[in-house]
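Q: I have a structure I would like to understand better, so I am pasting it below and will then ask my questions one at a time.
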Amino acid sequence: MQKFSTENNEGGVQFKAGHIVIAALIILAVLIVLFNSFTVVNEGFIGVKYQFGKIVGQNLSAGLNFHIPFIEEIQEVDTREQVYAVQTDAYTSDTQTVDSLQLKLNYCYDGTKLPDIIRTIGVSNVEQKLLVPNVAKISKDEIGKVKAEDLVQNRSTVQNAIYNSLKETLDPQGIIVTAFAIENLSFDDAFEQSIQAKVIAAQDALKMQNKTAEKEEEAKQKVIAAQAEADSQKIKADAEAYAIEAVQKQLTQSPNYIEYMKIMNWDGVLPQAIGTEVNPFIALGENTSSGNTTPNNSLAGNTAANGGN
């Protein structure tokens, strides 16, 4: 009968357990390396790859991006549109003070120049080092070129001038200016009242101009109507004169034209009396009333007398 050594069995179990532990450690190490080899860049961001603190890659797109674990790392930079707002004071060219001047700048980073921004300024310092000094300075300079009244009435023109100046200054430094707005203008009460009074006066003048134009238009329409009536009467008179001239011409050429016109205009009804004798023939209508019997008797008597003669 074969005998197994207990010591050999225990040694084999320990050997197998050691292999399992080693295999587990290897798998764990591989998983750690794999998980540290990829970084997810979110939408609206770009990835910047560093190798021991040095930029070795830029503009990494959104999604899963590979890097060498423990040697390289990827950091996200927000490239979405951002807003910088500031409140300051300014003076116009006619020395009017603009109180509580509220400015708003919309901007984003230029991805191609982002490494330069990181190296020279730092993304976290962009606002303090680029936006704070430039937005206030350029805005005050442009506002100082116009009068207070023009600033109130033509705010959009001043806004566009500031916007263009900011683009010229910030675009070369990797800051893309997308919009600029002057959100609030505030002057002292006396100036605002004078502006309001002037606006009201301008509106009243415009109303008077509109009324004058309306009256002028009404007068023109009356003249046009009168002229049209005069033209109509002239045309009618010319037509009547032409008709008379045509009749006279026809009478000259044909003396019987009047008799022809009588026949053409006859309505077919016989006259009540015919003849020029002392006793003309008188036609009686069917609806002659009983009170008119005397003419009939007279007519009968005349008839009898004539018959007797």
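Q: So is Y84 surrounded by 14 or more Cβ atoms within 10 Å (Cβ to Cβ), closer than 30 Å to V152 by Cα and modelled with pLDDT of 80 or more or not?
A: Criteria met by Y84.
Q: Taking the range 48-63 only, how many residues are within 44 Å of the chain's Cα centre (by Cα) and either at pLDDT 80 or above or on the phi > 0 side of the Ramachandran plot (or both)?
A: Total meeting the criteria: 3.
Q: Moving on to the next point. Looking at S93, S124, S139, which one is among the polar types (S, T, N, Q) and either open to solvent by 70 Å² or more (accessible area, probe 1.4 Å) or in a strand (DSSP E or B) (or both)?
A: S124
Q: Separate question: Return the pair list, or none, for Cβ contacts closer than 8 Å from residues in the range 134-151 that are closer than 24 Å to D171 by Cα and at pLDDT below 90 to residues that are of a type in the set (A, V, I, L, M, F, W, C) and buried (at least 17 other Cβ atoms within 10 Å of the Cβ), at least 6 apart or on different chains.
A: none
Q: Just for the range 36-89: of the residues that are among the charged types (D, E, K, R) and part of a loop (DSSP other than H, G, I, E, B), which one is farthest from C108 (Cα to Cα)?
A: E43
Q: Quick check on my filter: what residues within the range 40-84 are more than 23 Å from G174 (Cβ to Cβ) and not small (G, A, S)?
A: The answer is V40, F52, L64, F66, H67, I68, P69, F70, I71, E72.
Q: If T112 satisfies every condition in (1) at pLDDT below 90; (2) open to solvent by less than 50 Å² (accessible area, probe 1.4 Å); (3) of a type in the set (V, I, T) but one, which is the exception?
A: Failed condition: (2).
Q: Do we find that N184 is closer than 30 Å to L105 by Cα, modelled with pLDDT of 70 or more and either under 30 Å from the mean Cα position of the chain (by Cα) or open to solvent by 100 Å² or more (accessible area, probe 1.4 Å) (or both) in this structure?
A: Criteria met by N184.
Q: Quickly run through the range 238-247 and pick out the residues that are of a type outside the set (F, W, Y) and at pLDDT 70 or above.
A: Listed by number, the residues that qualify are D238, A239, E240, A241, A243, I244, E245, A246.
Q: If I ask for residues that are of a type in the set (V, I, T) and open to solvent by less than 40 Å² (accessible area, probe 1.4 Å), which ones from the range 96-109 would you list?
A: V98
The values are calculated or read from the model by the stated rules, or taken from the named source; none is laboratory data. None of the values given here were measured: they were computed from a predicted structure. We place every Cβ from the backbone using ideal geometry, glycine too, and count neighbours over all the protein chains shown. For the accessible areas, the whole protein counts, side chains as well, though only heavy atoms, and no ligand, DNA or RNA atoms are used. Shrake-Rupley method; radii C 1.70, N 1.55, O 1.52, S 1.80 Å.
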